[in-house]
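Asks: Would you mind keeping the following structure in view while I ask a few things?
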Amino acid sequence: HARRPARPRRSLRLNLEGWAFVAPATIVVLGLTLFPAGWSFVLSLQRWNGFSDPEWIGTRNYAYAVTDPDLGGAVLHTVVYTALFVPSSVLLGLLLATALNRRIRFIGIYRTAIFAPFVASAAATGILASYLFSPQFGLINNILRRLGLPPQGWLEDPHQAMVVIAIMSLWGSAAFTTVIFLAALQDIPGELVEAARIDGATSGQAFRNVVVPQLAPVIVFATIWQVIQSLQLFDLVYTTTRGGPLNATETVVYYLWNAAFRNTQFGYGSAVAWTLFLVTLVITLAIVLVTRRSSKIEAF
């Protein structure tokens, strides 16, 4: 009798060996994601201050979140920040990527200089923002005084503080969109642009009618990513204004951090966190679906 090939047994052994190698990392990743997420959902259905026995209250935390005026203010501030930050970061990233997608001297230095702010910590960015926009000793106000213009309140002005936060976020995060767009631009065949120029299109027309349609999936991806980042704004607010002045820069994530870790309302903070997750998921799916139906673009 002929022997059967040992391929299935060998394939099973190789699969088991592979899973044995990745199992420790997989367990760690799942333990740091699924377990905290599940526990926070259970907490969102309870009233617990971290010390006493938890009290099961069902969905009352979610019901209160809907009518909480302080949370409503934090949502409004987050929406304003998103409206300021997302379009600016995508547009600036596209412009910088277009400028850096050229064969010029020292291009590597320019690209490194653009990307450097992205790797800076939030603490460093916050310290820089406090120095630049300090009403008394800040560099920006010193320049305004030299020009004969009145100094501004910046981070201490409720009407200007969120704008400053958006500017500093843009300084650090535009590098990400720049790198994404730069990689996409380098994948566009040069023959397409050359053909458009031969047909009589100007540089602007070639960019608008040839390059931008090729970048459409990347633009959708960058927009979704920046929306998610803007809805999760916390670190820069924490290192600069701590939600002030007069709660003008209190975002949703900073509000839930306050509720959970300052006021020890862990159940309510968890409910706000889960609500933010669901809202972010709905916004992401809406952008993807609308984009696919309107222009048949698949970014994911």
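Asks: Limited to segment 54-104, what total is found for residues that are touching a Lys or Arg at 6+ places or on another chain (Cβ under 9 Å), open to solvent by 30 Å² or more (accessible area, probe 1.4 Å) and either closer than 30 Å to LEU182 by Cβ or not acidic (Asp, Glu) (or both)?
Replies: 3
Asks: For residues in segment 133-155 being without any contact (Cβ under 8 Å) to a residue 24 or more places away in the chain, in a helix (DSSP H, G or I) and among the hydrophobic types (A, V, I, L, M, F, W, C), which is least open to solvent (accessible area, probe 1.4 Å)?
Replies: Among those residues, the one meeting the criterion is LEU144.
Asks: Only one of LEU185, LEU128 is at pLDDT below 90, in a helix (DSSP H, G or I) and within 23 Å of GLY243 (Cα to Cα). Can you tell me which? Talk me through it step by step, then tell me what you get.
Replies: Working: LEU185 fails: within 23 Å of GLY243 (Cα to Cα).
Answer to the check: LEU128.
Asks: Still on this model: Being under 17 Å from VAL237 (Cβ atoms), surrounded by fewer than 13 Cβ atoms within 10 Å (Cβ to Cβ) and modelled with pLDDT under 90 is the requirement here; does SER121 meet it?
Replies: Yes, satisfied.
Asks: ALA259: open to solvent by less than 40 Å² (accessible area, probe 1.4 Å), outside any loop (DSSP other than H, G, I, E, B) and without any contact (Cβ under 8 Å) to a residue 40 or more places away in the chain, yes or no?
Replies: Values: open to solvent by less than 40 Å² (accessible area, probe 1.4 Å): yes; outside any loop (DSSP other than H, G, I, E, B): yes; without any contact (Cβ under 8 Å) to a residue 40 or more places away in the chain: yes.
When the stated conditions are applied, ALA259 passes them.
Asks: For residues that are among the β-branched types (Val, Ile, Thr) and open to solvent by 20 Å² or more (accessible area, probe 1.4 Å), scanning just segment 201-219, find the one that is farthest from ALA183 (Cα to Cα).
Replies: First, the residues of segment 201-219 that are among the β-branched types (Val, Ile, Thr): 202, 210-212, 218-219.
Applying the additional criterion that residues be open to solvent by 20 Å² or more (accessible area, probe 1.4 Å) yields 202, 210, 212, 218-219.
Working: THR202: 23, VAL210: 16, VAL212: 14, VAL218: 10, ILE219: 12 Å.
Out of the qualifying residues, it is THR202.
Asks: Considering only residues that are open to solvent by 70 Å² or more (accessible area, probe 1.4 Å) and either more than 12 Å from PHE266 (Cα to Cα) or in contact (Cβ under 8 Å) with a residue 40 or more places away in the chain (or both), which ones fall in segment 34-53?
Replies: Within segment 34-53, LEU34, PHE35, PHE41, ARG47, PHE51, ASP53 meet the criteria.
Asks: I've got another one for you. Scanning segment 232-246 for residues that are free of Cβ contacts under 8 Å to residues at least 60 places away in the same chain and over 17 Å from ALA273 (Cα atoms), which turns out surrounded by the most Cβ atoms within 10 Å (Cβ to Cβ)? Spell out how you get there, then give the answer.
Replies: First, the residues of segment 232-246 that are free of Cβ contacts under 8 Å to residues at least 60 places away in the same chain: 232, 234, 242-243.
Those still in the list that are over 17 Å from ALA273 (Cα atoms) too: 242-243.
Values: ARG242: 13, GLY243: 20.
Step by step, filter segment 232-246, then rank; the result is GLY243.
Asks: Tell me which residues, restricted to segment 262-276, are of a type outside the set (Val, Ile, Thr) and either in a helix (DSSP H, G or I) or surrounded by fewer than 20 Cβ atoms within 10 Å (Cβ to Cβ) (or both).
Replies: Scanning segment 262-276 gives ARG262, ASN263, PHE266, GLY267, TYR268, GLY269, SER270, ALA271, ALA273, TRP274, LEU276.
Asks: Looking at (1) farther than 23 Å from PHE115 by Cβ; (2) of a type outside the set (Val, Ile, Thr); (3) surrounded by 18 or more Cβ atoms within 10 Å (Cβ to Cβ), can you tell me which one PHE181 breaks?
Replies: Going through (1) farther than 23 Å from PHE115 by Cβ; (2) of a type outside the set (Val, Ile, Thr); (3) surrounded by 18 or more Cβ atoms within 10 Å (Cβ to Cβ) one by one, PHE181 breaks only (1).
Asks: Here is a further query. Could you please let me know if VAL290 is open to solvent by less than 50 Å² (accessible area, probe 1.4 Å) and over 23 Å from GLU156 (Cβ atoms)?
Replies: Taking the combined requirement at face value, the residue does not satisfy it.
Residue by residue, here is whether (1) in a helix (DSSP H, G or I); (2) of a type in the set (Ser, Thr, Tyr); (3) over 30 Å from ASN247 (Cβ atoms) holds:
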site	(1), (2), (3)
GLU17	yes, no, yes
THR26	yes, yes, yes
LEU30	yes, no, yes
LEU43	yes, no, no
GLY93	yes, no, yes
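The values are calculated or read from the model by the stated rules, or taken from the named source; none is laboratory data. Small disclaimer: the values here were computed from a predicted structure and weren't measured. Because the Cβ atoms are built from the backbone with ideal geometry, glycine has one as well, and the counts that use them run over all protein chains shown. For accessibility, only protein heavy atoms count, side chains too; no ligands or nucleic acids. Shrake-Rupley method; radii C 1.70, N 1.55, O 1.52, S 1.80 Å.
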